[in-house]
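Have a look at the structure below before the remarks.
The values are calculated or read from the model by the stated rules, or taken from the named source; none is laboratory data. Here the structure is a predicted model, which means the values were calculated and not measured. Because the Cβ atoms are built from the backbone with ideal geometry, glycine has one as well, and the counts that use them run over all protein chains shown. Protein only, heavy atoms only, side chains kept; ligands, DNA and RNA dropped before computing areas. Shrake-Rupley method; radii C 1.70, N 1.55, O 1.52, S 1.80 Å.
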Amino acid sequence: MTQALEPTPALEVVVTCPVVSFRNDLYAGLQVDLPCPPPSTVGGMLAATVGGWQHVPLHTRFAMTFRAEGTGVDLETYHPLAAPGVPTNTTIKDRNFLAQITLTLWLTSEIDLWAHAFRRPVCPLRLGRSQDLATARTTPTTLHPGPGTQGHAVLPVDLPETTGTRMRLSTAISFDRTRTRWDTYQYARTGAPPNQTIDAGQVTASGQAVALLPPVHPA
């Protein structure tokens, strides 16, 4: 991977939420959870802060880390979809959830736009489901060229010398929701070993490797 030759100004966004749940859409009719949010979900949160995708620059990319302090299972009422006029029955299913989560993002373009958007979001901050409200704080920072620790980063699968589980996650979903772009990512749910160093091109002052993910805009 080509490294940045000079330090890069960035905006660090730390999002916290008491409870979240991310459903794996590759399993139709089943409630299979994901250990981290798909990039499309994070992109949707970004779009909500500025009032819709029409205000999101097409080239928007971000890097992210994600960690949860705990997990649990509760019950949720599901309303199956069917063709118009076809009756359906509601059902109760187990729902896995993640507790006390921290999502950290790094944005390297349109920094002023995103700093203002998170300071005064147009729509309430939600991560995933509509009832999973979140809070966020932003800090201007600088990314430097060089390797760093993998930690809890969500990474492109083609990045060498990484550990964790490979997953197909949605990167972008079309405006009419009829098309989804899927990509393969790698993520260590419990965190990579402390000595696991990777070269993602950029690194924070604390030593966290920063790998920009593909663009998430529906267009």
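Mean residue ellipticity at 222 nm from the helices of the chain, using -39,500 (n - 2.57) per DSSP H segment of n ≥ 4 over the full residue count, to the nearest 500 deg cm²/dmol?
Details: 2 runs with 21 residues, N = 219.
Calculated mean residue ellipticity at 222 nm is -3000 deg cm²/dmol.
Going 7 Å from the Cα of Asn96 along its beta-carbon direction, which residues of the stretch 160-201 have the amide nitrogen within less than 17 Å of the resulting point?
Once the point is set 7 Å along Cα→Cβ of Asn96, 164-170, 185-191 turn out to lie under 17 Å by backbone N, inside the stretch 160-201.
Over the alpha-carbon set of the chain, divide Rg by the Kirkwood Rh and report the Rg/Rh ratio to two decimals.
On the way: Rg = 17.8 Å, Rh = 18.3 Å.
We get a ratio of 0.98 for the chain.
Please determine, in degrees from 0 to 90 and to the nearest 10, the orientation of helix 39-50 with respect to the longest principal axis defined by the Cα atoms of the chain, where the helix direction is its Cα long axis.
90
Can you send over the carbon and sulfur percentage of the accessible area for the stretch 127-219, probe radius 1.4 Å, protein chains only? Walk me through the numbers on the way to the answer.
Values: 2380 of 4680 Å².
So the carbon and sulfur contribution to the accessible surface is 51 percent.
How large is the accessible surface per residue of the chain, computed with a 1.4 Å probe and reported in Å² as a whole number?
On a per-residue basis, 52 Å².
Within 10 Å of each candidate Cβ there may be at most 10 other Cβ atoms; applying that plus a DSSP loop requirement, which chymotrypsin sites (Phe, Trp or Tyr not before Pro) in the stretch 111-219 survive?
Values: sites: Trp114, Phe118, Phe175, Trp182, Tyr185, Tyr187; in loops: Phe175.
The qualifying sites are Phe175.
Can you tell me the length gained on complete extension of the stretch Asp176 to Asn24, counting 0.36 nm per residue apart and subtracting the Cα distance?
Once the chain is fully extended between Asp176 and Asn24, it gains 52.8 nm.
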